[in-house]
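Student: Take a look at the following structure, please.
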Amino acid sequence: MASPILEVRSLTKSFNHFKAVDDLSFAINKGSVYGFLGQNGAGKSTTMRMLMGLIFPDRGSIFINGSAFSNSQRHMLRNIGAIIERPDMYGYLSGWENLRIFAALSDNNIKAGRLHEVIEMVGLKGREKDKVKAYSQGMKQRLGIAIAIVHEPDMLILDEPTNGLDPQGIAEIRNLIISLSKDHGKTILVSSHLLHEVEQVATDIIIIHKGRKVTEAPAGQLLHPDDTMIEITLKPGNELPALIAGSGWAQFGAQISNNLLTIKMNPSHIPQLNKWLVEHDVEVSGITTQHSFEAYFLNITNETTAADRTV
Amino acid sequence: MKQLLQIELFKIFRRPRTYISFGIVTAITFVIQLAMLTDGKSYMSFALQGVNEQFDIHGNMINGYFITYIILQTLLIQIPLLVALVAGDTLAGEANLGTLRLILTKPISRNQLVLAKFGSSFIYTVLLVIWLAIVALGVSLLLFGRGDMVNIKSDTFILILQDDVLWRYGAAFCFAMLAMTTIASLSILLSVFADNSIGPIISTMGIVVVLTILSNLDLPLFNHIKPYIFTTHMIGWKGFFDDPIPYRQIGISSLVLVLYTVAFAAATMLIFNKKDIKS
Amino acid sequence: MIRRSFITMLVILSCSAQAFAVDANELFNTLRRKIFTVQDYTAVVKMKISVKYMRIPQLAGTLYFKSPDKMRLERHGGLSVLPRKNINLTIRNLIPTGNANVIDAGQALIGGKNTRIIKVIPEDEKSDLVLSKIWVDEATLVALRIETSTRNEGTITMDLEYGKYSSFGLPDKLLLTLDVKDFRMPKGMTMDYTESRPDEALKDTKGKKGTIQITYLSYKVNTGLSDKIFTSEPSEP
């Protein structure tokens, strides 16, 4: 079996007495899109900085294509493109000049044709000669991605690439990531604290909390439709709790609190439930589906936090 | 490495700030030239009070060579600031901008990056000194003409024949390049510790000013440490206008400056190679 | 052979005796007349100034002189450095111009030449010159050494060597030894790099003596120099 494109073993890093990353291990296989999830301050950026040699781990190892990576082996980064946090660039230079500079840092032999290609790919054609200081946040992100992919690395490490973007910008970056994965075969590690974004692009998900890995699984397994949490706002009805308890919906863990019915089930059952409520004279004023993953995530992180409190 | 150096130079010389230094050098030079044009004679008569009691000195004393010396002496404090303005920004400025993070995600070694920063700062320093030579020496010679050069030390009046001056300026400017390279080296070292360029620029100036004062204080306490302070040796360019030229002392000064430069560079690499980039 | 030598010696001795017989006052006046026949000269010179606080290389140029006291060194754009007026580089400034008392002070050998020493004291009490001691080579009627005490400039000694211009009393070589004062500027203003080393040429001179050595390569005498030559460049204040 081929070795993972990227693997970390027991990665640990503390700042002063704060443990930012704690005994973190995971492996990323070629061709997958890894969602790296965690709340702000969970240790995602620190981990990614260690992967790129920006920060040195206190303990643990990083392997790129099976070989140990260290500060003296920085040439191994040739096969990785990355944006860590904001894609900050030289504002006094044009997008084109920034791209040219960072392309040259990755590979001396990148031709102008390739630069045009990536400018077009990230949708900056026509604006590449403008000074970067005149770019919007979204344009900077796209230029950042152009810089990350210009030397055609096999793997991309993208740290919160949609941070600070408007919904349209978020959608554009999301589509770009999907395209890079599907059309260009890139392996991608993308971090976010916005769960619904990751679930739309990731094939695998790693969740970390307080520097520790909480779970790691294929996205399909974490995000099963049966685990969708559905919230239904009802008009007051005294009989309803008893009614529900005696019905078949009870098997989905239906609970009522303050006229809010919560139930974990496949969203395909919603029309059926709605019909049942109407038949029992319960008026519905609203239905929302909260992704189970979100609940799952909150659940896990809350559990970890609670466990910390009790310790 | 060549590519890295080209990139660093491209960044330096595409930035407006870089040209401010050249502008400041030009402005200070012109101000001194103007002052000497209007008030040079009284300056000279003050300086030559003691000599004039016994000797009549005729001729174009306030010539281009003399003015250049005055300019160089005055710029001793300003030029380090201008060097620090760019060298102090090399790492700290990139950290502040956030570009250091992006650069270091690229497959280049940190040592290479530091060396490229040194190389580009050195070239900037050399160009700044060459520019100084052009505006100070070139323009002064155009405005004030040639002539024998008068150099006044605290206890000696030195006259250098006009045909014997130019090579001394060549040597003096080369020495100034070395001295300023030491400043650049110090600035880059200080730049490693900071995440914005103001810190290293001000720290460089602070160190230069304090050490220059120590170098010039005539107190027995400081006389023992003076030979080990690099600012004592930064005025070694003046040696080329002495008679006889203290080649041995200039050699020692050059060596001290080279050692400081190398030590600063080595320390920069050592620290930068262990530094976590958190900016 | 012996007889011939004896005659030669006799001739020399009789000449010396005759010379010695010349009155010191007359000798001084004759010498002064000879010196004062030079109204002006233009000389190609090489000059070396050795003063404790000065480091000046040998200066080559044209030295213009016009009586009584105008002097200028022209160095084709270079600087002219000359002692101030009352320590001028001519003999005539070191000997009294008016009435003077002349005293015979004996004989001495200067550079292997027999000289007569005369002391000259100006009658004018306001004169800056207090006393001039002149070593005169009576054979050629030139002064080989003059030692002059002044009121303001201390003692100035001038040693002279003559060649083809001795008929004008103009030397080929002149060494002026004079008292110099100290020169000091605040170190904070000059920011010296190294301490100064005294001039090698001065290591034997005691105290605050300085020397100016001039070699005259050629003279043009009494050509009627214009005053303009001396005023074309104003002196520094």
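Student: Which one of the conditions (1) closer than 23 Å to C:ASP128 by Cα; (2) at pLDDT 90 or above; (3) out of contact with any helix residue (DSSP H, G or I) (no Cβ under 7 Å at 6 or more places or on another chain) does C:THR115 fail to meet, given that it meets all the rest?
Tutor: Result: C:THR115 fails condition (1) only.
Student: Moving to a separate point now. Only one residue in B:THR204, B:THR156 is in contact with a strand residue (DSSP E or B) (Cβ under 7 Å, 6 or more places away or on another chain) and hydroxyl-bearing (Ser, Thr, Tyr), so which one is that? Full working, then the answer.
Tutor: Details: B:THR204 fails: in contact with a strand residue (DSSP E or B) (Cβ under 7 Å, 6 or more places away or on another chain).
Answer to the check: B:THR156.
Student: Collect the residues in the range A:77-99 that are touching a Gly at 6+ places or on another chain (Cβ under 8 Å), among the hydrophobic types (A, V, I, L, M, F, W, C) and facing chain B (nearest Cβ under 7 Å), keeping them in residue-number order. Can you show your working first?
Tutor: Let us first name the residues in the range A:77-99 that are touching a Gly at 6+ places or on another chain (Cβ under 8 Å), namely A:77, A:83, A:85-89.
Still in the list and also among the hydrophobic types (A, V, I, L, M, F, W, C): A:77, A:83, A:89.
Those that are touching a Gly at 6+ places or on another chain (Cβ under 8 Å), among the hydrophobic types (A, V, I, L, M, F, W, C) and facing chain B (nearest Cβ under 7 Å): A:LEU77, A:MET89.
Student: Can you list the strands (runs of 3 or more DSSP E) found entirely within the range C:64-155 that contain at least 1 residues being under 30 Å from B:ASP164 (Cα atoms) and within 14 Å of chain B (Cβ to nearest Cβ)? Full working, then the answer.
Tutor: Working: elements: C:70-74, C:80-83, C:100-110, C:113-122, C:129-137, C:142-150.
Hits in the range C:64-155: C:70-74, C:80-83.
Student: Sticking with this structure for a sec: Within the range B:116-131, count every residue that is aliphatic (A, V, I, L, M) and either under 14 Å from A:LEU105 (Cβ atoms) or open to solvent by less than 10 Å² (accessible area, probe 1.4 Å) (or both).
Tutor: 3
Student: Looking for whichever is assigned to a helix (DSSP H, G or I) and more than 14 Å from chain A (Cβ to nearest Cβ) here; the options are B:LEU132, B:LEU91. Which one fits? Steps first, answer last, please.
Tutor: Values: B:LEU91 fails: more than 14 Å from chain A (Cβ to nearest Cβ).
Exactly one of B:LEU132, B:LEU91 is assigned to a helix (DSSP H, G or I) and more than 14 Å from chain A (Cβ to nearest Cβ), namely B:LEU132.
Student: Kindly establish whether B:ALA84 is small (Gly, Ala, Ser) and either surrounded by fewer than 24 Cβ atoms within 10 Å (Cβ to Cβ) or touching a Cys at 6+ places or on another chain (Cβ under 9 Å) (or both).
Tutor: Against the criterion (small (Gly, Ala, Ser) and either surrounded by fewer than 24 Cβ atoms within 10 Å (Cβ to Cβ) or touching a Cys at 6+ places or on another chain (Cβ under 9 Å) (or both)), B:ALA84 does not qualify.
Student: Give me the helices (runs of 4 or more DSSP H) completely within the range A:93-165, filtered to those with at least 1 residues that are of a type in the set (S, T, N, Q), ordered by residue number.
Tutor: Working: elements: A:95-106, A:112-121, A:137-149.
Ranges flagged: A:95-106, A:137-149.
Student: What pairs come up if the first residue lies in the range C:162-191 and is in contact (Cβ under 8 Å) with a residue 40 or more places away in the chain and away from chain B (no Cβ under 12 Å), the second is charged (D, E, K, R) and assigned to a helix (DSSP H, G or I), and their beta carbons are under 7 Å apart, counting only those six or more places apart or on different chains?
Tutor: C:GLY169/C:LYS34
Student: So which residues in the range B:242-261 are more than 8 Å from chain C (Cβ to nearest Cβ), under 25 Å from C:ILE56 (Cβ atoms) and either hydroxyl-bearing (Ser, Thr, Tyr) or assigned to a helix (DSSP H, G or I) (or both), if there are any at all?
Tutor: Correct list: B:TYR247, B:ARG248, B:ILE250.
Student: If you don't mind, there's one more thing I want to ask. Confirm whether B:LYS226 is over 30 Å from C:GLN58 (Cα atoms) and of a type in the set (D, E, K, R).
Tutor: Numbers: over 30 Å from C:GLN58 (Cα atoms): yes; of a type in the set (D, E, K, R): yes.
In short, yes.
Student: Kindly list, by first and then second residue, each pair from a residue in the range A:115-140 that is on the phi < 0 side of the Ramachandran plot to a residue that is open to solvent by 50 Å² or more (accessible area, probe 1.4 Å), limited to pairs with Cβ atoms under 6 Å and residues at least 6 apart or on different chains.
Tutor: A:ILE119/A:LYS125; A:GLN137/A:GLY164
Student: Could you list, in sequence order, all residues of the range A:61-78 that are open to solvent by less than 40 Å² (accessible area, probe 1.4 Å) and touching a strand residue (DSSP E or B) at 6+ places or on another chain (Cβ under 9 Å)?
Tutor: Matches in the range A:61-78: A:ILE62, A:PHE63, A:ILE64, A:PHE69, A:MET76, A:LEU77.
Student: Which helices (runs of 4 or more DSSP H) does the range A:192-311 wholly contain that include 1 or more residues that are at pLDDT 80 or above and open to solvent by less than 30 Å² (accessible area, probe 1.4 Å)?
Tutor: A:195-201, A:270-279
Student: Something else: Which fully enclosed strands (runs of 3 or more DSSP E) of the range A:11-76 have 1 or more residues being within 14 Å of chain B (Cβ to nearest Cβ) and small (Gly, Ala, Ser)?
Tutor: Because the criterion is at least 1 residues that are within 14 Å of chain B (Cβ to nearest Cβ) and small (Gly, Ala, Ser), the strands (runs of 3 or more DSSP E) in the range A:11-76 that meet it are A:18-28.
Student: Follow-up. What are the residues in the range C:58-78 that are on the phi < 0 side of the Ramachandran plot, modelled with pLDDT under 85 and surrounded by fewer than 17 Cβ atoms within 10 Å (Cβ to Cβ), if any?
Tutor: Once the filter is applied, which keeps residues that are on the phi < 0 side of the Ramachandran plot, modelled with pLDDT under 85 and surrounded by fewer than 17 Cβ atoms within 10 Å (Cβ to Cβ), the range C:58-78 yields C:PRO68, C:ASP69, C:LYS70.
Student: So in the range B:100-115, with the set limited to residues that are touching a residue at least 12 places away in the same chain (Cβ under 8 Å) and in a helix (DSSP H, G or I), which one is nearest to the other protein chains (Cβ to nearest Cβ)?
Tutor: Step one: filter the range B:100-115 for residues touching a residue at least 12 places away in the same chain (Cβ under 8 Å), giving B:100-101, B:104, B:108, B:110-115.
Imposing the further condition that a residue be in a helix (DSSP H, G or I) reduces the set to B:100-101, B:110-115.
On the way: B:LEU100: 9, B:ARG101: 5, B:ARG110: 7, B:ASN111: 10, B:GLN112: 9, B:LEU113: 9, B:VAL114: 13, B:LEU115: 14 Å.
My answer is B:ARG101.
Student: A further question on this structure: For B:GLN73, are the conditions met, namely being within 10 Å of another protein chain (Cβ to nearest Cβ), assigned to a helix (DSSP H, G or I) and under 19 Å from B:SER140 (Cα atoms)? Show your work before the answer.
Tutor: Working: within 10 Å of another protein chain (Cβ to nearest Cβ): yes; assigned to a helix (DSSP H, G or I): yes; under 19 Å from B:SER140 (Cα atoms): yes.
Criteria met by B:GLN73.
Student: Show the residue pairs meeting these rules: Cβ distance below 8 Å; 6+ apart or different chains; first residue within the range A:16-35 and free of Cβ contacts under 8 Å to residues at least 60 places away in the same chain; second residue surrounded by 15 or more Cβ atoms within 10 Å (Cβ to Cβ) and outside any strand (DSSP E or B).
Tutor: A:ALA27/A:PRO4
Student: Do any helices (runs of 4 or more DSSP H) entirely within the range B:139-239 hold 1 or more residues that are more than 14 Å from chain C (Cβ to nearest Cβ), open to solvent by 40 Å² or more (accessible area, probe 1.4 Å) and closer than 30 Å to B:MET269 by Cβ, and if so, which?
Tutor: On the way: elements: B:139-144, B:166-193, B:198-216, B:220-223, B:230-234.
Fully inside the range B:139-239 and qualifying: B:166-193, B:198-216.
The values are calculated or read from the model by the stated rules, or taken from the named source; none is laboratory data. Since the model is a prediction, treat every value here as computed from it, not as a measurement. We place every Cβ from the backbone using ideal geometry, glycine too, and count neighbours over all the protein chains shown. Areas reflect the complete protein model, heavy atoms only, side chains present, ligands, DNA and RNA absent. Shrake-Rupley method; radii C 1.70, N 1.55, O 1.52, S 1.80 Å.
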